[in-house]
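Notes follow once the structure below has been shown.
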Amino acid sequence: AKETGKNGFQIFDEGMKHEVEEKLKIELGIRECLKNNGFELFFQPLYNTQAKRITQVEALLRVKSSALSAFNIMQIIQTAEVTGQIIDIDKWVIRSACESIQRINHYLDEPINISINISPLHIMQQDFVRNIRDIIIDTGVFPDWIELEITETSIMKSFEVNKRKLEELKRLGISIHLDDFGTGYSSLSYLNSLPIDHLKIDKSFIDAMLQSEKERKIVETIINLAHNIGLHVVAEGVEYEEQFDMLNSYNCELIQGYYISKPANFEYITRTIKQYNEE
Ligand code: C2E
Ligand code: CA
Ligand code: CA
Ligand code: CA
């Protein structure tokens, strides 16, 4: 219910009605896309400053069907988290990413990895680890090529249970990125006890680096902290040479952002990687 002052309470206003209708359209659109192959993956390279080549790509969900063309991917994912459809989306994404990395590596002299965003809701499911193991076996992908991106908030609930799930995945050869670092709890004590390999500094910190020395010090400190506990660092949303140079001087291992490449389809990204790595 929404408080409207002198009218007392009103259960539904026009804005809310619109919102409900949008949600329903998205829900139906997702159902349609899952059924009729309406989703596709884009890929965004991560540039390794030490190896001086692209060593991984992040898989990002996109819609090719007109059923969802009125909505952006954030709206679609948020709605899917509410309806529970995110589980089926996640499974589609993981399978498709496993197939894609086999295809991409087929064209490359040296194989790269793919990182896949995992929904918090999926991690909570009892069959989360089994889903991933099944897809790996099914597609025959080399597990060392697979990296999962999880957010801090998604593991903080049921910490011990989720920690065990991640440890199981690690034993399969999969590595784990902690995504959007700095936007959630950011409790440093648990970082050490989690089986993660990469810490991904959120774009908001990378943006802020352009503003002041103090903001740059924060990023430098996060990078040093991560290195001290044996983690690699990814900076996301790097758009300018200035940011790239600063991050490089702080020994940040992986750079992702429009400065290197926008997310793009299979053909474009394979060509981009070949240009960076093989010329
Ligand atoms: P994220 O995981 O933090 O992904 C990074 C987002 O930043 C992507 O937006 C990417 O296109 C964008 N980005 C990358 N470099 C730059 C840059 O230099 N500048 C700017 N302005 N943006 C940049 P996108 O693809 O719209 O995805 C948004 C969010 O949706 C993702 O945030 C992730 O949380 C979620 N998402 C995307 N694909 C999937 C998926 O397959 N599964 C799940 N569960 N979530 C996904
Ligand atoms: Ca991500
Ligand atoms: Ca991120
Ligand atoms: Ca983000």
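Return the Rg/Rh value of region 84-230, two decimal places, where both radii are evaluated on C-alpha atoms and Rh is the Kirkwood radius. It would help to have the intermediate numbers written out before the result.
Details: Rg = 16.4 Å, Rh = 16.4 Å.
Across region 84-230, the Cα-based Rg/Rh ratio is 1.00.
When DSSP beta bridges are limited to those with both residues in the chain, what percentage is antiparallel, rounded to the nearest 5?
DSSP beta bridges in the chain are roughly 40 percent antiparallel.
As a test question: what accessible area, to the nearest 10 Å², does His18 have when a 1.4 Å probe is rolled over all protein chains in place?
Counting only protein heavy atoms, His18 exposes about 100 Å² to solvent.
Hey, if we sort Met74, Met209, Met16 by accessible area with the 1.4 Å probe, largest down, what's the order?
Correct descending sequence by accessible area is Met74, Met16, Met209.
Please report the equivalent ellipsoid semi-axes of region 153-203, computed as sqrt(5 x eigenvalue) of the Cα gyration tensor, largest first, in whole Å.
18, 13, 9
When the scattering of region 146-279 is computed by the Debye formula from its Cα atoms alone, each counted once and equally, what is log10 I(q)/I(0) at q = 0.12, 0.14, 0.19 Å⁻¹?
-0.52, -0.70, -1.13
With an 8 Å Cα cut-off and a minimum separation of 6 or more residues, compute the relative contact order for region 195-267 in percent.
33
Once amide H atoms are placed 1.01 Å from N in the peptide plane, what residues at a sequence separation of 5 or more from Ile176, or on another chain, have their amide H within under 5 Å of its amide H?
Excluding prolines and chain starts, which carry no amide H, the hits are Leu148, Asp197, His198.
How do Glu152, Glu14, Glu19 rank by accessible surface area computed with a 1.4 Å probe, from largest to smallest?
Result, largest first: Glu14, Glu19, Glu152.
Taking N as the number of residues in the chain, what is its alpha-carbon radius of gyration divided by 2.2 N^0.38 Å?
After normalising by residue count via 2.2 N^0.38 Å, the value is 1.08.
Which value, in Å², gives the accessible area per residue of the chain when a 1.4 Å probe is used on the protein heavy atoms? Walk me through the numbers before you get to the answer.
Values: 14120 Å² over 279 residues.
Computed with neighbouring chains in place, this is 51 Å² per residue.
For a label point 7 angstrom out from the Cα of Leu28 toward its Cβ, which stretches of region 68-93 have the backbone nitrogen within less than 12 Å?
The answer is 68.
Please enumerate, by chain and number, the lysines with C-alpha under 20 Å from the C-alpha of Lys163, excluding those fewer than 8 residues away in the same chain.
Lys200
Give the aspartates and glutamates reachable from Lys25 as a straight Cα distance under 17 Å; neighbours fewer than 8 places away on the same chain don't count.
Glu14, Glu81
Say the cut-off is 19 Å between C-alpha atoms; which of Lys64/Lys262; Lys23/Lys203; Lys23/Lys91; Lys170/Lys203 go over it? Display every interim value, and only then the final one.
Numbers: Lys64/Lys262 17 Å; Lys23/Lys203 28 Å; Lys23/Lys91 22 Å; Lys170/Lys203 26 Å.
In this structure, Lys23/Lys203; Lys23/Lys91; Lys170/Lys203 exceed 19 Å between Cα atoms.
As a test of the formula, what do you get for the chain when each DSSP H run with n ≥ 4 contributes -39,500 (n - 2.57) and the sum is divided by the residue count, at 222 nm and rounded to the nearest 500 deg cm²/dmol?
Mean residue ellipticity, 222 nm, calculated: -15000 deg cm²/dmol.
Quick one: pull the percent of accessible area on the chain belonging to carbon and sulfur, 1.4 Å probe, ligands and nucleic acids left out.
49
Along each of its three principal axes, how wide is the spread of alpha-carbon positions in region 1-139, in whole angstrom units, largest first?
On the principal axes, region 1-139 reaches 70, 33, 29 Å in Cα extent.
The values are calculated or read from the model by the stated rules, or taken from the named source; none is laboratory data. Note that this is a predicted model, so its numbers are computed, not measured. Using ideal geometry, Cβ is built from the backbone for each residue, glycine included, and neighbour counts are taken over all protein chains shown. Side chains are part of the model used for accessible areas, which takes the heavy atoms of the whole protein and leaves out ligands, DNA and RNA. Shrake-Rupley method; radii C 1.70, N 1.55, O 1.52, S 1.80 Å.
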